[in-house]
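The values are calculated or read from the model by the stated rules, or taken from the named source; none is laboratory data. If you're wondering where the values come from, they're calculated on a predicted model, not measured in any experiment. Because the Cβ atoms are built from the backbone with ideal geometry, glycine has one as well, and the counts that use them run over all protein chains shown. Surface accessibility is based on the protein's heavy atoms, side chains included, excluding ligands, DNA and RNA. Shrake-Rupley method; radii C 1.70, N 1.55, O 1.52, S 1.80 Å.
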Amino acid sequence: MSQTSQPALLSEAVAWNADECRVRLDDALPRLIQDFSMEEDATSKLYILHVVVSAFLPHVPPECADQQIYSQLLPQVPSILTSLLSGIGERGDQQVIRHNCESLKTVLSAISSLLECVSHTTMLPNPISLHIFPSLPLPVLDSLTIAFQHCKTSGEVYGSTLPHVSDTLSSVFRSSYTILRSILELLDRVGPGVQADVADVVSDDIGCRRIAEVIHSLLKLCPLVAALHPALHANTWRFILRAIVKHKGAEGHLLNHGDLCSTLACDLDLTFSSCLQLAAQGSVSKKLLTDVDPETRLLSRSFKLCRFLSSSLLKYTQEFSAHLDSMVPCLFNMHLRLYNKLPPNPGAVCTLGEESDKMRDAVFKSLRPLLSLLITQRSFCSIVLGTAGVPQELRLAHCLLVTDIMKALISCPGEQTSWLDGERIPILHCLLSSVAGIWPELALPIRRPVSDNSLPLPVYDLLLVTASAFISTLMDGYLPALEQTLIFSVFSRDVNSSLLAVDLWCYVARLGPVELCAHYVSLLLPLISEISMQEPKHALLSILLQRLFSFLPAEHQVKLIAELPPSPGSLPPCSVVLAAPGPKQACVQAICRFFDTALPACRWKEGIGHDTQAIAMQFLERLCMASALETSQLSQLTEVLHTIIDQLPAEVPEEVACALLSLSTHLVHCLSSSCLSKLLKLVPKASNHPLMPRLGALLFLCVMGKEHNDSQRKLPKEFPAIFHSLLSDDSWILHLLALQAFAHFAEVSFEAEIVPQCLRSEEVRVEVVAYITKRWPSLHGQTSESDNDLEGNQSESETLWRLKKEQEMLQDLRIEHAHPRLNSSLEKFEHGLEELGRMTQHHAPAWFIDRLKAVAKTIENMLSPSS
């Protein structure tokens, strides 16, 4: 047909009635289709489509419509719509607005034509075969994807011109909504195969691929529909899942189950996030919502969709468990994202509350069977245990997932094998490794899903309780692997992992017989001697040993101490044992036999290492703390301590200095002024020196004010400068401890005149006054529970004496702090008197004399002793 004859044929076809269209069908339809393929203008092509569909499609049998019309016209519709919508602009002039409206009306016309195609096909009898209309579903779904995408981004596309096109845009959405519902109903009628003689190909490879293509096209629609209409979103997923199950045997192997599962999981993630945000907004507004409020209805719909998606995900994974390996990565990431949306994660979109708890419990309760299914998969086991690939922001979510896996394994002991294989127990090692780097969140409260009216508990407690319950289900054959896992974690670089391993080891020791705990202590006691005091693992192993040792009865404690040889190598375990909570008296007496071994190890001698010296001093200090030394032994120790201090070298190692200061704290009342001066030289004044000696000196400094044997002894002249340097240190922890130590020193000191000397700067004075004021409010007429408790623990006279002394010290500090202001005010007063004297040199009024007498009376009162 020539170009000049195209308009004539179109204009004629538009004017034909139904009978003429039926008569001219075989002649006009091929010519119009040829015109459609030759036309380049998008609007003209869609006009031809409209004429063909409205005039000729009703006269074509439904089973022939695909061959005669659909396959010829519909595949080009998505590209036509794309070209139309890409030309829309956001400028606000009238020409652009008019162009936008015309483009949207053309799109609406195309969608109406597609709706007629779908409606015409629905006249097919039930059941129907996909081979009858193979060209219809994909172009329609692709066109709907373009339309929904445009509706979703309309705010960005149109900008300020959106109100001018809102009505037409709403019509586009409503028509697209109608088409999608109709095409879903039509596809739902497709049966899984009829007889081969009717050319049904649904059951062969071609039909399987067509069904698979339709399902994957619908997947592209789901994220768009989710943001536009929750009900349509649910219906779309309902059809997808029903179609997958119906044709499971035919096209199940052709589907990309990873993409299907990923899309469903992402939709669940977004819907769950939306629910939590709506619940959070309701709790923030604190508005009493009713069932008719729009916010309540929206939240209810989102919540129902969330439950539907979670239950659908469970059914889908159960139905296609043979393809579960391809779904594992997306399911693992989905769990992490869901956990990350809940407190106490930094990425949580809500706080703990009734609404968010109800939603969380509903979702996680439906996903609990899914987790039980996943733990049977080795691929899931591998991805969970690979903690190295988990981002830092998802570490806590990974920890919570591991705890839920442990709970699932407790209820399914037969599935534990793949999670326990290895030299160390992989699942427990994974939990201990995941704790690293999440120390801020470990103390935050959390209420676990599916818990009935349970109170929030710290995350650390949750991890500890869950891991302990899991350990109790392990068989005896896993004990060596369990011990290896725990000892490896105790010596890890992360403190939280180490402390959790220590707690779990203590649980294992208490779970078994006393002999098991004694066996652990006997193995670990020699190990403490081989680790330097400066290493962090020494402190962690000491904590573990102290706790395990405290579990043992007295006879076991004494037996273990008796097995230690009387040599300097036995001092580290004895020192650790002495620091255990509540060592038995018989055990302390057994440890006292090492006093004669520790005493010479403290001296400065050839062949004695600094570590040995420091450990010996630490051992003697803990004997003093336990009040285990007799009078004669205290005298020996005092004599040796004087000798050690007198022989101090020019450079004292850090660990020895700390140990010597700590030991001297218990005997400070017996030391001479010269010894105290030498000890103070161990305390570095500059803040760039090592921190440990300055921390170790605080207790020593604060007890130096106590009463001592020599009544003539005075505090060394270096004392105020050292205390001032600690009070003004840059380290916040040292600064705070120094404030506490100084407050204690000021309380017990018998040399009150030295207290202001330690405060050599205005800034330090202000901070000390503020700290003492907050610590003892009773000094200002206020009472507190801490004051009452303090008075209950001391005699009345001692308490009154302390409060009076603190009041005097605080008053002196305030006067000292106010000295510049007092001086300035006094100078102004003096200059004022001189000026008044010059003004009243020859004559003074009577009223002035009376005022001056009142001022003189005030000065007399200020000078009286009572004030």
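Here Asp19 clears all of (1) part of a helix (DSSP H, G or I); (2) at pLDDT below 85 except the condition numbered (2).
Confirm whether Leu108 is under 23 Å from Gln67 (Cβ atoms) and modelled with pLDDT of 90 or more. Considered against the rule, which asks whether it is under 23 Å from Gln67 (Cβ atoms) and modelled with pLDDT of 90 or more, Leu108 comes out as no. Considering region 382-500, the qualifying helices (runs of 4 or more DSSP H), each wholly inside and each with 3 or more residues that are within 22 Å of Leu324 (Cα to Cα) and in contact (Cβ under 8 Å) with a residue 40 or more places away in the chain, run over 395-411, 417-420. The residues of region 660-698 that are more than 24 Å from Leu599 (Cβ to Cβ), open to solvent by less than 60 Å² (accessible area, probe 1.4 Å) and assigned to a loop (DSSP other than H, G, I, E, B), listed by number, are Val683, Pro684, Ala686, Ser687. Does Leu516 qualify as being buried (at least 20 other Cβ atoms within 10 Å of the Cβ) and either of a type in the set (A, V, I, L, M) or out of contact with any Asp or Glu (no Cβ under 8 Å at 6 or more places or on another chain) (or both)? No, not satisfied. The residues of region 85-102 that are open to solvent by 20 Å² or more (accessible area, probe 1.4 Å) and part of a helix (DSSP H, G or I), listed by number, are Leu85, Ser86, Gln94, Gln95, Arg98, His99, Cys101, Glu102.
Looking at this structure, is Leu74 open to solvent by 10 Å² or more (accessible area, probe 1.4 Å), in a helix (DSSP H, G or I), in contact (Cβ under 8 Å) with a residue 24 or more places away in the chain and aliphatic (A, V, I, L, M)? No; evaluated as a whole, the condition is false for this residue. Residues of region 640-659 that are of a type in the set (Val, Ile, Thr) and surrounded by fewer than 16 Cβ atoms within 10 Å (Cβ to Cβ): Thr643 alone. One residue stands out in region 740-764 among those that are in a helix (DSSP H, G or I) and crowded, with 19+ Cβ neighbours inside 10 Å: the one that is nearest to the chain's Cα centre (by Cα), namely Ala741.
Total residues in region 588-607 satisfying the condition of being assigned to a helix (DSSP H, G or I), surrounded by fewer than 23 Cβ atoms within 10 Å (Cβ to Cβ) and either under 48 Å from the mean Cα position of the chain (by Cα) or not acidic (Asp, Glu) (or both): the figure is 10.
Each residue in region 479-501 was checked for being surrounded by fewer than 16 Cβ atoms within 10 Å (Cβ to Cβ), more than 13 Å from Ile425 (Cα to Cα) and aliphatic (A, V, I, L, M), and 1 pass.
Of all positions in region 340-352, at least one carries a residue that is assigned to a helix (DSSP H, G or I) and at pLDDT 85 or above. Please determine, by comparing only the residues of region 53-67 that are touching a helix residue (DSSP H, G or I) at 6+ places or on another chain (Cβ under 6 Å) and more than 16 Å from Ser135 (Cα to Cα), which one is surrounded by the fewest Cβ atoms within 10 Å (Cβ to Cβ). The selected residue is His59. Lys105 meets the conditions (1) open to solvent by 60 Å² or more (accessible area, probe 1.4 Å); (2) assigned to a loop (DSSP other than H, G, I, E, B); (3) of a type outside the set (Phe, Trp, Tyr) in every case but one. The failed one is (2). Counting only helices (runs of 4 or more DSSP H) that sit completely within region 125-230, those holding 2 or more residues that are of a type in the set (Ser, Thr, Tyr) and either open to solvent by 30 Å² or more (accessible area, probe 1.4 Å) or modelled with pLDDT under 85 (or both) correspond to 162-188.
Restricting attention to region 608-639, the residues being exposed (fewer than 13 other Cβ atoms within 10 Å of the Cβ) and closer than 18 Å to Ser532 by Cβ number 1.
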